[in-house]
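To start, the structure itself, in structure tokens.
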Amino acid sequence: MQLLGALYAQAGARSKHEQFCEQAIARFKNADDPHPLERTTKMYLSLPPLPDSRLLADAVKMARRATDVIEQVNPYNLTYMAFNRAMAEYRLGQFEEAQHWLAKSDRPQAIPFRAMVAHQLGNHQEARDILRRAEETIGSVSKPDSPSNWHDHLFTKLSLKEARELIDGR
């Protein structure tokens with residue numbers, strides 16, 4: 001499921017991506033298991049929401065619930081859920097809250113979002129430094145480490161592209 005969502009996003013098929021995410025959010029928004037909550041919201045939040053998207057509120061609730069649940073049942077996996085929560089807070093414009101959750105994540109995918117958060121908080125030189133580190137770290141990875149990680153690889157490339165556009169205008 002995530003791979004198809006990632007492919008729509010990578011191809012720039014925004015309406016298909018939005019429709020696909022809408023179906024996934026409807027299917028999993030009441031899930032008790034944090035993993036489908038995380039996977040679904042990561043797929044949706046990997047691109048900036050369309051201006052009239054009514055899915056953002058549901059996606060944010062899902063990301064918040066996933067971190068709340070995982071902190072109680074399996075704190076070891078918090079690093080995955082924390083990144084997802086940071087994306088949700090970032091998409092809402094809650095940059096300080098996003099920064100808080102990014103500090104709890106060691107995921108390579110988080111680096112472009114760290115740069116974007118720094119930029120949004122007015123720390124432009126820090127944002128450029130983080131972006132440069134992201135390009136070195138992510139740019140050196142030519143392919144995912146396993147077939148099951150293709151969606152994360154594509155989402156990371158999309159985040160890096162978004163960070164470049166925000167920070168450097170390229």
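The values are calculated or read from the model by the stated rules, or taken from the named source; none is laboratory data. Source: prediction; values computed, not measured. For neighbour counting, all protein chains shown are included, and Cβ atoms are generated from backbone atoms with ideal geometry for every residue, glycine included. For accessibility, only protein heavy atoms count, side chains too; no ligands or nucleic acids. Shrake-Rupley method; radii C 1.70, N 1.55, O 1.52, S 1.80 Å.
Does E38 qualify as being modelled with pLDDT of 85 or more and over 21 Å from L102 (Cβ atoms)?
Working: modelled with pLDDT of 85 or more: yes; over 21 Å from L102 (Cβ atoms): no.
Taking the combined requirement at face value, the residue does not satisfy it.
I'm trying to understand the selection: among the residues of the range 60-78, which are of a type outside the set (A, V, I, L, M, F, W, C), part of a helix (DSSP H, G or I) and either in contact with a His (Cβ under 6 Å, 6 or more places away or on another chain) or open to solvent by 20 Å² or more (accessible area, probe 1.4 Å) (or both)? Step through it out loud before you land on a result.
Step one: of the range 60-78, the residues of a type outside the set (A, V, I, L, M, F, W, C) are 61, 64-65, 67-68, 71-72, 74-77.
So of that shortlist, the ones also part of a helix (DSSP H, G or I) come out as 61, 64-65, 67-68, 71-72, 75-77.
The answer is K61, R64, R65, D68, E71, Q72, P75, Y76, N77.
I need the full set of residues from the range 41-87 which are closer than 22 Å to R27 by Cβ and in contact (Cβ under 8 Å) with a residue 60 or more places away in the chain, in order please.
K42, M43, S46, L47
Tell me which helices (runs of 4 or more DSSP H) are completely within the range 1-59 and hold 3 or more residues being surrounded by 19 or more Cβ atoms within 10 Å (Cβ to Cβ) and in contact with a Gly (Cβ under 9 Å, 6 or more places away or on another chain), or say none if there are none. Spell out the reasoning first.
On the way: elements: 2-11, 14-28, 34-45.
Ranges flagged: 14-28, 34-45.
I'd like the residue in the range 79-135 that is acidic (D, E) and open to solvent by 30 Å² or more (accessible area, probe 1.4 Å) and, out of all such residues, is modelled with the lowest pLDDT. Before you say what the answer is, go through the steps one by one.
Taking the range 79-135 as the starting set, the residues that turn out to be acidic (D, E) are 89, 96-97, 106, 126, 129, 135.
Next, from what is left, pick out any that are open to solvent by 30 Å² or more (accessible area, probe 1.4 Å): 96-97, 106, 126, 129, 135.
Values: E96: 98, E97: 97, D106: 85, E126: 97, D129: 97, E135: 89.
Filtering the range 79-135 for residues that are acidic (D, E) and open to solvent by 30 Å² or more (accessible area, probe 1.4 Å), the one modelled with the lowest pLDDT comes out as D106.
Pairs please, first residue from the range 9-34 and more than 21 Å from N74 (Cβ to Cβ) and modelled with pLDDT of 90 or more, second anywhere and in a loop (DSSP other than H, G, I, E, B) and aliphatic (A, V, I, L, M), Cβ atoms under 6 Å, 6+ apart in sequence or on different chains.
E22/L55; I25/L55
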